[in-house]
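To keep things clear, I will list the structure first and then write my remarks on it.
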Amino acid sequence: MDRFEAIQTLVAAVDEGSLSAASRALGVPLPTVSRRVADLEAHLGAQLLIRTSRKLVLTEAGAVFVGAARRLLADLSEAERSAAGEYRSPRGELLVTAPFMFGKLYVAPLVQDFLRAYPEVSVRLVLADHMLEFAEHRLDVAIRIGRLPDSELIASKVGEVRWTVCASPGYLAQRGTPRLPEDLGRHACIAFSGTPDPRQWIFGTGHGTRTVRIAPRLMVNAADVMIAAAEDGIGIARVMSYQAASAIRAGRLNPLLRDFWPEPSPVHVLYPSQRAAPLKRRAFIDFVAPRLRNALAELPSIFSTET
């Protein structure tokens with residue numbers, strides 16, 4: 001048995017959620033994956049996984065072993081990067097994650113510019129609205145929106161975004177302009193289904209916070225679809241400021257109820273704390289962070305006036 005190979009296979013099975021998914025991720029036949037895990041359990045004399053019809057569950061021994069295995073794989077990866085020269089010049093692969101729409105609008109274009117500037121670095125960019133864990137996915141950099149929990153990660157704030165309300169000039173000409181949040185009850189609204197209660201929109205700050213119940217004409221889980229529908233006059237949309245900025249700058253949407261918008265949410269660039277950080281990550285952060293900061297600094301001026 002190749003113990004290192006078996007350990008890699010076990011961690012892949014846990015990360016992917018099943019032996020068959022690990023087989024696809026590793027490009028290894030399913031019987032081989034199953035045999036490697038079984039051989040490792042036999043070698044250790046302990047059951048590591050409980051195989052159910054739906055998923056894999058780690059035993060207590062398995063959880064301890066996988067935690068140690070992750071550290072071992074991380075140390076090996078660090079040693080390989082050092083030997084390959086990643087600590088002498090920016091080179092190698094970076095794994096970067098960002099929220100989907102924010103990543104599409106802001107991060108992806110910067111990644112392309114970065115790749116042109118650093119030809120020996122490659123980037124794997126994962127856009128996802130769920131939070132990926134640094135240790136589990138071996139992330140190098142994450143761009144996050146919102147308040148951050150306490151952690152050992154280093155966080156560099158690059159700006160702020162906020163929930164905004166907007167509608168097309170055509171819709172407002174036909175239906176009128178709401179002057180108070182409570183006026184929205186008489187309007188067609190476009191809601192984002194990804195929030196805990198899409199029929200409740202929050203306005204104001206501090207003690208002036210209020211919740212307004214709306215009746216969505218359209219409910220959808222994609223911000224670009226919401227903005228397109230708002231531009232088409234379907235109704236009033238509540239989206240993040242960065243998502244609507246282009247349409248508002250072009251005059252296709254007008255910001256509404258600005259005096260009642262809630263507190264902004266911070267945007268951070270996060271990365272692990274290391275005494276000897278790979279130069280590829282330092283180069284990426286130094287390249288991306290100031291450019292994000294400049295782009296987000298423009299948002300308030302775009303929303304400075306409303307209809």
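Please treat every number below as a calculation from the coordinates, not as lab data. Here the structure is a predicted model, which is why all the values come from computation and not from measurement. Every residue, glycine as well, gets a Cβ built from its backbone with ideal geometry; the counts of neighbours run over all protein chains shown.
Give me Leu30, Leu105, Leu299 ranked fewest to most by other Cβ atoms within 10 Å of their Cβ, as a rough exposure proxy.
Values: Leu30 14, Leu105 18, Leu299 22.
Ranking Leu30, Leu105, Leu299 by Cβ neighbours within 10 Å, fewest first, gives Leu30, Leu105, Leu299.
Between Ala188 and residues 5 or more places away or on another chain, which pairs have amide H atoms under 5 Å apart, with H built 1.01 Å from N, and which residues are they?
Ile236
Once phi is turned into ³J(HN,Hα) by the Karplus curve 6.51 cos²θ - 1.76 cosθ + 1.60 with θ = phi - 60°, what whole-Hz value does each residue of segment 200-211 show in order, with x for glycine and proline?
Computed from phi, the couplings for segment 200-211 are 10, 10, 9, 10, x, 9, x, 6, x, 5, 9, 10 Hz.
Looking at segment 163-260, send over the antiparallel percent of its DSSP beta bridges, to the nearest 5. Don't jump to the answer; show the numbers that get you there.
Values: 11 of 17 bridges.
Looking only at bridges with both residues in segment 163-260, the antiparallel portion is about 65 percent.
What is the chain's relative contact order, in percent, from Cα pairs under 8 angstrom and six or more apart in sequence? Let's see the in-between values first.
Numbers: 492 pairs, mean separation 63.3, N = 307.
Once normalised by length, the contact order is 21 percent.
One-quarter of the Cα convex hull surface for segment 163-260, in nm²? Before the final figure, lay out the partial values.
Values: hull surface 22.6 nm².
For segment 163-260, the mean projected area of the Cα convex hull comes to 5.6 nm².
Which cross-chain or sequence-distant (5 or more) residues have an amide H under 5 Å from the amide H of Leu95, H modelled 1.01 Å from N in plane?
Long-range HN contacts for Leu95: Arg124, Asp140, Val141.
Kindly provide the helix-only [θ] at 222 nm of the chain, computed as the sum of -39,500 (n - 2.57) over DSSP H runs of four or more divided by all residues, to the nearest 500 deg cm²/dmol?
Details: 11 runs with 123 residues, N = 307.
When only DSSP H runs of four or more count, the value is -12000 deg cm²/dmol.
Under the Karplus relation 6.51 cos²θ - 1.76 cosθ + 1.60, θ = phi - 60°, what is the ordered set of whole-Hz ³J(HN,Hα) values for segment 156-168, x standing for Gly and Pro?
10, 6, 10, x, 9, 9, 8, 6, 10, 10, 8, 8, 7
Return the long-range amide H neighbours of Gly159 (sequence gap of 5 or more, or a different chain), with a cut-off of under 5 Å between placed amide H atoms.
Val267
Go through (i) 73, 48, 36; (ii) 70, 43, 34; (iii) 60, 45, 44 and flag the label whose value is the computed Cα extents along the principal axes in Å for this structure.
Evaluating Cα extents along the principal axes in Å on these atoms matches (i).
I need the phi-derived Karplus couplings for segment 173-188: 6.51 cos²θ - 1.76 cosθ + 1.60, θ = phi - 60°, integer Hz, Gly and Pro marked x.
Once rounded to whole Hz, the list reads 5, 7, 10, x, 9, x, 9, 10, x, 5, 5, 5, x, 9, 10, 6.
Just to be sure I understand: if I project the alpha-carbon convex hull of segment 3-83 onto a plane and average over all orientations, what area do I get in nm²?
Numbers: hull surface 21.2 nm².
Reported value for the Cα convex hull: 5.3 nm².
If you stretched the chain out fully between Arg138 and Ala42, how much longer would it get, using 0.36 nm times the residue separation minus the C-alpha to C-alpha distance? Could the numbers behind the result be given before it?
Working: separation 96, 0.36 × 96 = 34.56 nm, distance 2.82 nm.
Stretched out fully, the Arg138 to Ala42 stretch lengthens by 31.7 nm.
With angles folded into 0 to 90 degrees, how steeply does helix 60-83 sit against the dominant principal axis of the chain? Use alpha carbons for both and round to 10.
It is inclined by approximately 90 degrees.
Label Arg175 and Asp129 with points 7 Å out from Cα along Cα→Cβ: what is the distance between them in nm?
That separation, rounded to one decimal, is 2.1 nm.
Based on DSSP loop calls and a cut-off of at most 16 other Cβ atoms within 10 Å, the longest stretch of the chain free of exposed trypsin sites (Lys or Arg not before Pro) is what? Walk me through the numbers on the way to the answer.
Working: sites that count: Arg54, Lys55, Arg88, Arg138, Arg147, Arg162, Arg179, Arg199, Arg275.
Longest run free of exposed loop sites: 200-274.
How far is helix 279-297 tilted, in degrees, relative to the longest principal axis of the Cα atoms in the chain, given as a value from 0 to 90 rounded to the nearest 10?
Rounded to the nearest ten degrees, it is 10.
Taking 0.36 nm per intervening residue step and subtracting the Cα-Cα distance, what contour gain separates Thr195 from Leu72 on full extension? Spell out each step's value before the answer.
Numbers: separation 123, 0.36 × 123 = 44.28 nm, distance 3.83 nm.
So the chain would gain 40.4 nm between Thr195 and Leu72.
Please find the FRET efficiency linking Arg51 to Met1, where r is the Cβ-Cβ separation and R0 is fixed at 22 Å, and quote it to the nearest 0.05. Please report the intermediate quantities before stating the final value.
On the way: r = 19 Å, r/R0 = 0.88.
It comes out at approximately 0.70.
Mind checking the full-extension length gain between Arg291 and Ala215? Use 0.36 nm per residue of separation minus the Cα-Cα distance, one decimal, nm. Don't jump to the answer; show the numbers that get you there.
Working: separation 76, 0.36 × 76 = 27.36 nm, distance 3.89 nm.
Value of the extension gain: 23.5 nm.
Given a Förster radius of 22 Å and the C-beta distance between Ala63 and Glu93 as r, what FRET efficiency does 1/(1 + (r/R0)^6) yield to the nearest 0.05? Mind showing how you got there, number by number?
Details: r = 28 Å, r/R0 = 1.29.
Calculated transfer efficiency: 0.20.
Measure out, as a whole number of angstrom, how far apart the alpha-carbon centroids of segment 114-156 and segment 204-243 sit.
28
Just to be sure I understand: with springs between alpha-carbon atoms less than 10 Å apart, which residue in Pro178, Pro149, Pro264 has the highest mean-square fluctuation in the Gaussian network model of the chain?
Pro149
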